[in-house]
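Novice: Pasting in a structure now, in C-alpha cells, and then I'll have a few things to ask.
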Amino acid sequence: MTHSYPGAPGVGFCAFVVCHDVSQCESVSLYLDAPPLLPSDTGQGYRTVKAKLGSKKVRPWKWMPFTNPARKDGAMFFHWRRAAEEGKDYPFARFNKTVQVPVYSEQEYQLYLHDDAWTKAETDHLFDLSRRFDLRFVVIHDRYDHQQFKKRSVEDLKERYYHICAKLANVRAVPGTDLKIPVFDAGHERRRKEQLERLYNRTPEQVAEEEYLLQELRKIEARKKEREKRSQDLQKLITAADTTAEQRRTERKAPKKKLPQKKEAEKPAVPETAGIKFPDFKSAGVTLRSQRMKLPSSVGQKKIKALEQMLLELGVELSPTPTEELVHMFNELRSDLVLLYELKQACANCEYELQMLRHRHEALARAGVLGGPTTPASGPAPAPAEPAVSEPGLGSDPSKDAIIDVVGAPLTPNSRKRRESASSSSSVKKAKKP
C-alpha cells in the first residue's frame, strides 16, 4: 500500500523511501522533471516575461479644476490629472477650430458693401449667424429671422456672404498679391437643385421610358461599332488585294536567278495580310513537298468547303502532283480564291445593308417622319423590316420606334436568310387567302 508524501505531491511513499540516498533522489527528480523534447525558447515574443513593478516612484494624480476655452460663459469643471500637468492648458482645446468670418466697419459698408436689396441690419444679422453656426448655411437659414427681414433662400444667403467676402478681400489686399477669392454661382446652384428635384419627382412611366431610350442608345452604339469594324475589315481586304497584285507585277518584271531559285521558291509568295498564309518549312530535317499544300488551321471549315467548291468549278484537282512549280502556283491560286471569297462576302453584306437602309428611308418618308418626297428605290425590293416590339408599360409610338431603328439591326448572312424566308412565307400566306 502506498501513501502520498505531503512534501512531494504526486510522489508515492515507496518512491520517497527508496530515494533516501542523495544520488537516488537526484535520479528520481530528473525522471519526474524530464526536459522537453523540443526547445521552448523560440526567441520570439516579449523579452521580459515579468513586469518589473516598484522600480520607480508612482506619479501622483490630483483632482484639479479646468476651463474649456471654447466656452464663453466661464464654466468651471473638475477632473483627475497628473500633478506635473497642473496649470497647463486643456489638452482638447486644440480641436476647437472656428471659421474666420470677416468683420467690416461702417465706413467700409457704406463705400463698398452697400446693396439696395439688403439693409445693413439684415447683413449684420447674416454675419452674426455665420459666426454663431460656423457657416452651416442650412442651419443659418433655419434660424434666420424671416419675420423681421425679407424671406431669403439658402442661395441668397450664400451669395450675399461670399460677395461681401470677395469685396473685402479685394479692398484689403496689398497691390501685386495673388488672391484666392471665393466665388459662388447662385444661378448654377439653383438650376442644380431644380434639376435634382425634377429627377426625384419623375413618374414610373418616365423612368421606364428613360431606361428604354438608354437601351436603344446602347444598341445603336453597338451597331455603329460593328459597322466600323466591318468597314475596317473591308479596307484591309482591299489593301491586301492591291498589295498582292503589286507584288505579282514586281515578281514578273524582276529577272529570274538560276542558282538561288529553289531557296526563294520555298518562301510563301503570298503576304501575311492577303488570303492564306502557308507555313514556312525552314527547320532542319527531311520534309515532303506535299506538306506545303496543307491548309493552315487558321482557315475555317466554311472557307475550306467554299474553296473546294470553287476549285471544282474551275476544274482544278484538289490534290495535284506536288512538283516545285505546281505547289507554288497551287498555293497562290487558293490564296487568291480565299481573298475573292472574302471580298464577295463583304460586298454582299454592304449591298444588303444599303438595301435595308434604303427601304427604311422609304418607310419613314411614307409615314411622314422625314420631311421630303419619297424616292423609288432601284433594284430588287428588300425584305420588310421587322416590327419594333413595344416595351411593357410603354405606349407604342410608331414614329419613335421607326426613328430609333433607322440604324438597323446587325447585318449578317444568317439574318438575311431568316428575313428572306420570313418574307417568302408571308407572301405565300397572302396568296393562299381568298
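The values are calculated or read from the model by the stated rules, or taken from the named source; none is laboratory data. What you are looking at is a predicted structure, and each value in this text was computed from that prediction instead of being measured. Cβ placement follows ideal geometry from the backbone for every residue including glycine, while neighbour counts extend to all protein chains displayed. In case anyone asks, the SASA skips ligands and DNA or RNA and just uses the protein heavy atoms, side chains included. Shrake-Rupley method; radii C 1.70, N 1.55, O 1.52, S 1.80 Å.
Novice: For a Förster distance of 25 Å, can you work out the FRET efficiency between the beta-carbons of L288 and L333, rounded to the nearest 0.05?
Specialist: Given R0 = 25 Å and the Cβ-Cβ separation, E is 0.80.
Novice: Could you tell me what percent of the accessible area of the stretch 114-201 is made up of carbon and sulfur, with a 1.4 Å probe and every protein chain present?
Specialist: That share works out to 49 percent.
Novice: Further question on the same structure: Which whole number in µm²/s is D for the stretch 158-213 by Stokes-Einstein, with the Kirkwood Rh taken over Cα pairs at 25 °C and 0.890 mPa s?
Specialist: Estimated diffusion coefficient is 168 µm²/s.
Novice: What part of the accessible area of the stretch 298-367, given as a whole %, is carbon or sulfur when the probe is 1.4 angstrom?
Specialist: After summing per-atom areas, the C and S share lands at 59 percent.
Novice: Name all residues of the stretch 144-187 having a backbone nitrogen under 20 Å from the label point set 7 Å from the Cα of Q100 along its Cα→Cβ direction, giving them as ranges.
Specialist: Label zone hits: 161-184.
Novice: Report the gain in length on full extension from K151 to H361: 0.36 nm times residue separation, minus Cα-Cα distance, nm rounded to one decimal.
Specialist: Length gained, K151 through H361: 69.9 nm.
Novice: Between K62 and D124, what FRET efficiency follows from the Cβ-Cβ distance if R0 is 45 Å, with the result rounded to 0.05?
Specialist: 0.45
Novice: Using bins 5 angstrom wide from zero, how does P(r) for the stretch 114-201 break down, in % of all Cα pairs?
Specialist: Calculated over all Cα pairs of the stretch 114-201, the distribution is 2, 12, 20, 21, 18, 13, 8, 3, 1, 0, 0 percent.
Novice: Now, a different point. How much accessible surface area, in Å² rounded to 10, belongs to the heavy atoms of L307 with a 1.4 Å probe?
Specialist: Around 10 Å² of this residue is reachable by solvent.
Novice: Next up: Would the stretch 204-251 count as rounded, prolate or oblate if I go by the C-alpha gyration tensor, calling it rounded below 1.5 in a/c and otherwise prolate when a/b exceeds b/c, oblate otherwise?
Specialist: Since a/c reaches 1.5 and a/b is larger than b/c, the shape of the stretch 204-251 is classed as prolate.
Novice: Can you work out the FRET efficiency for the pair V299 and V207, with r the C-beta to C-beta distance and R0 = 45 Å, to the nearest 0.05?
Specialist: Here the calculated transfer efficiency is 0.35.
Novice: Rounded to the nearest Å, what's the spacing between the alpha carbon centres of the stretch 82-109 and the stretch 313-342? Just the number, please.
Specialist: Their Cα centres are 93 Å away from one another.
Novice: To continue, here is another question. Give the accessible area for L196 in Å² (nearest 10); use a 1.4 Å probe, count only protein heavy atoms, and leave out ligands, DNA and RNA.
Specialist: Here the residue's solvent-accessible area equals roughly 100 Å².
Novice: To continue, here is another question. What list of whole percents do you get for P(r) of the stretch 298-367, with Cα-Cα distances grouped in 10 Å bins up to the one holding the largest distance?
Specialist: Over the stretch 298-367, the share of Cα pairs per 10 Å bin runs 17, 34, 20, 14, 10, 4, 1 percent.
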